[in-house]
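Note sheet for the following structure.
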Amino acid sequence: MGLKSAIARVRRLRELRGAYRRVFLGQDGKPTEDGRIVLAELRYFCHGDRPTLKTNMSGIDAHASIAAAARQEVFFRISKALNLDDGDLDRMERLAYSSDKGAE
């Protein structure tokens, strides 16, 4: 990944983090009442705190397990975006710059 694309990715993460925070969190950085309700529903629906291995009468249901894991990935992505701090993003940006200098 080149410097421009790495920096663009970090900027996109900052933008995305801001959007998720505006949707789910209040000014105090804690979930709003609506944010709490939606995040709780997403945690449940997306198997946010449960195993994704699903079984049926025949044993492991591979299709249901894959679907559950995909849902869980969405929940984890939202959770991670909400919890990214400026330090994380600054480190990513510095890493991109230092990696680019090493490539010269």
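The values are calculated or read from the model by the stated rules, or taken from the named source; none is laboratory data. In this text, all values refer to a predicted model and were calculated from it rather than measured experimentally. So basically every Cβ, Gly included, is an ideal-geometry build from the backbone, and we count neighbours across all protein chains shown. Just the protein is used for accessible areas: all its heavy atoms, side chains included, with ligands, DNA and RNA removed. Shrake-Rupley method; radii C 1.70, N 1.55, O 1.52, S 1.80 Å.
Residues in region 17-31 that are open to solvent by 50 Å² or more (accessible area, probe 1.4 Å) and farther than 30 Å from Tyr97 by Cβ: Val23, Gln27, Asp28, Lys30, Pro31.
Touching a residue at least 12 places away in the same chain (Cβ under 8 Å), at negative phi and either among the hydroxyl-bearing types (Ser, Thr, Tyr) or out of contact with any helix residue (DSSP H, G or I) (no Cβ under 6 Å at 6 or more places or on another chain) (or both): is that true of Phe24 in this structure? Write out each step before concluding.
On the way: touching a residue at least 12 places away in the same chain (Cβ under 8 Å): yes; at negative phi: yes; either among the hydroxyl-bearing types (Ser, Thr, Tyr) or out of contact with any helix residue (DSSP H, G or I) (no Cβ under 6 Å at 6 or more places or on another chain) (or both): no.
No, not satisfied.
Within region 43-75, can you find the residues that are over 17 Å from the mean Cα position of the chain (by Cα), small (Gly, Ala, Ser) and either part of a helix (DSSP H, G or I) or surrounded by 11 or more Cβ atoms within 10 Å (Cβ to Cβ) (or both)? Of everything in region 43-75, those that are over 17 Å from the mean Cα position of the chain (by Cα), small (Gly, Ala, Ser) and either part of a helix (DSSP H, G or I) or surrounded by 11 or more Cβ atoms within 10 Å (Cβ to Cβ) (or both) turn out to be Ala62, Ala64, Ser65, Ala67.
Looking at Arg14, Arg94, which one is open to solvent by 80 Å² or more (accessible area, probe 1.4 Å), within 30 Å of Gly2 (Cα to Cα) and at pLDDT below 95?
Working: Arg14 fails: open to solvent by 80 Å² or more (accessible area, probe 1.4 Å).
The match here is Arg94.
Inspect region 76-83 for any residue being touching a Cys at 6+ places or on another chain (Cβ under 9 Å), in contact (Cβ under 8 Å) with a residue 24 or more places away in the chain, surrounded by 14 or more Cβ atoms within 10 Å (Cβ to Cβ) and not hydrophobic (A, V, I, L, M, F, W, C) and give the result as yes or no. Step through it out loud before you land on a result.
Looking only at region 76-83, we keep the residues that are touching a Cys at 6+ places or on another chain (Cβ under 9 Å), and these are 76, 78.
Checking the rest, the ones that are also in contact (Cβ under 8 Å) with a residue 24 or more places away in the chain come to 76, 78.
Remaining after also requiring surrounded by 14 or more Cβ atoms within 10 Å (Cβ to Cβ): 78.
When the remaining residues are screened for being not hydrophobic (A, V, I, L, M, F, W, C), the result is none.
No, region 76-83 has no match at all.
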